[in-house]
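Q: A single structure is presented below for examination.
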Amino acid sequence: ESRLEQSVDKGFEQSDRLTALQGCNDHLLDENLVLITQLTERMAVLTRQLKTFAYKKPEQLSPVDPVQVLNHILPSFQERLAQGSIQLECVFPDQAVSIAGDNARLEQIFSNLITNACDAMASERSDQQHRLILSISAPVETDQCVTLQVIDTGPGITVQDSQQLFEPFYTSKAIGDGLGLGLSIVRSIVKDLQGEIRVANSMEGGACFTVRLPIYTQSTAITHKCVVKNADTTLHDK
């Protein structure tokens with residue numbers, strides 16, 4: 001075999017090794033990019049939660065349409081719902097309703113409750129398709145509050161968790177999956193808006209978060225409070 005042929009053979013051999021190495025590097029690069037993307041998304045969520053926790057509320061409230069706010073943020077959850085094979089159901093009132101608040105805080109309420117519901121359903125394996133129900137109800141008769149509900153088909157809330165559910169930095173998730181600020185932020189915002197939040201297990205076994213917020217009026221946008229009669233906040237241990 002001539003030196004030229006030997007060189008050619010060596011060249012092909014080195015080329016094969018480089019190709020294999022390149023393929024290995026591409027695989028590792030793809031894995032690292034996925035990991036970096038996941039970490040970046042997690043850091044973004046944690047940063048938003050910390051910023052919201054330190055958020056200074058506006059001094060004056062404005063009329064806010066909860067249906068418009070919800071429709072505005074839902075596209076950001078499309079991928080999450082698709083990945084979890086979660087069926088979305090929305091129930092909106094026939095007439096327009098306005099809440100006394102601001103868009104930013106209402107977005108935080110919806111975003112945190114929807115994220116919490118998706119996380120709960122992701123932890124619950126089921127042969128049936130999970131469902132996420134988002135309901136907005138207009139005031140009835142003399143009631144002066146709009147009712148928002150986020151219902152999932154996850155594992156539900158245990159009595160033990162319910163006692164600390166809205167406490168800052170409390171979480172039932174694995175370490176690193178969250179700061180435990182989401183529901184605490186929701187409760188703080190609802191309180192600022194003179195509303196109330198309660199949680200119970202739904203008939204289907206998942207969690208049902210109910211938020212009631214005052215409707216907007218020119219004279220009572222800030223001082224009006226929701227009054228809930230015969231509210232069932234009992235949680236049954238699972």
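The values are calculated or read from the model by the stated rules, or taken from the named source; none is laboratory data. Nothing here was measured: the structure is a model prediction, and the numbers come from that model. Positions of Cβ are generated from backbone atoms using ideal geometry, with glycine treated the same way; all protein chains shown enter the neighbour counts.
Q: Filter region 108-138 for residues that are over 15 Å from residue 211 (Cα atoms) and either assigned to a loop (DSSP other than H, G, I, E, B) or hydroxyl-bearing (Ser, Thr, Tyr) (or both) and give the result.
A: 115, 123, 124, 125, 126, 127, 128, 129
Q: Now a separate question. Restricting region 139-152 to residues that are touching a residue at least 12 places away in the same chain (Cβ under 8 Å) and part of a loop (DSSP other than H, G, I, E, B), which is farthest from residue 203 (Cα to Cα)?
A: Checking each candidate, the answer is 144.
Q: Continuing with this model, one more query. Would you pick out the residues in region 54-69 that are part of a loop (DSSP other than H, G, I, E, B), at pLDDT 65 or above and among the hydrophobic types (A, V, I, L, M, F, W, C)?
A: Correct list: 61 only.
Q: Could you check region 88-138 and list, in sequence order, the residues that are touching a residue at least 60 places away in the same chain (Cβ under 8 Å) and of a type in the set (Gly, Ala, Ser)?
A: Listed by number, the residues that qualify are 98, 100, 101, 117, 120.
Q: Another question, if that's okay. With the requirement that a residue be touching a helix residue (DSSP H, G or I) at 6+ places or on another chain (Cβ under 7 Å) and closer than 20 Å to residue 99 by Cα, what does region 127-144 give you?
A: Result: 134, 136.
Q: Does residue 237 meet the test of being part of a helix (DSSP H, G or I), modelled with pLDDT under 85 and not aromatic (Phe, Trp, Tyr)?
A: When the stated conditions are applied, residue 237 does not pass them.
Residues checked against (1) at positive phi; (2) hydrophobic (A, V, I, L, M, F, W, C); (3) surrounded by 15 or more Cβ atoms within 10 Å (Cβ to Cβ):
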position: 74; (1), (2), (3): no, yes, yes
position: 77; (1), (2), (3): no, yes, yes
position: 85; (1), (2), (3): yes, no, no
position: 102; (1), (2), (3): no, no, yes
position: 112; (1), (2), (3): no, no, yes
position: 129; (1), (2), (3): no, no, no
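Q: Something else about it: Considering 214, 168, 155, which residue is in a loop (DSSP other than H, G, I, E, B) and modelled with pLDDT of 85 or more?
A: Of the residues listed, the single one that is in a loop (DSSP other than H, G, I, E, B) and modelled with pLDDT of 85 or more is 155.
Q: Looking only at residues in region 70-107 that are closer than 22 Å to residue 193 by Cβ and part of a loop (DSSP other than H, G, I, E, B), which one is farthest from the chain's Cα centre (by Cα)?
A: Checked region 70-107; the qualifying residue farthest from the chain's Cα centre (by Cα) is 95.
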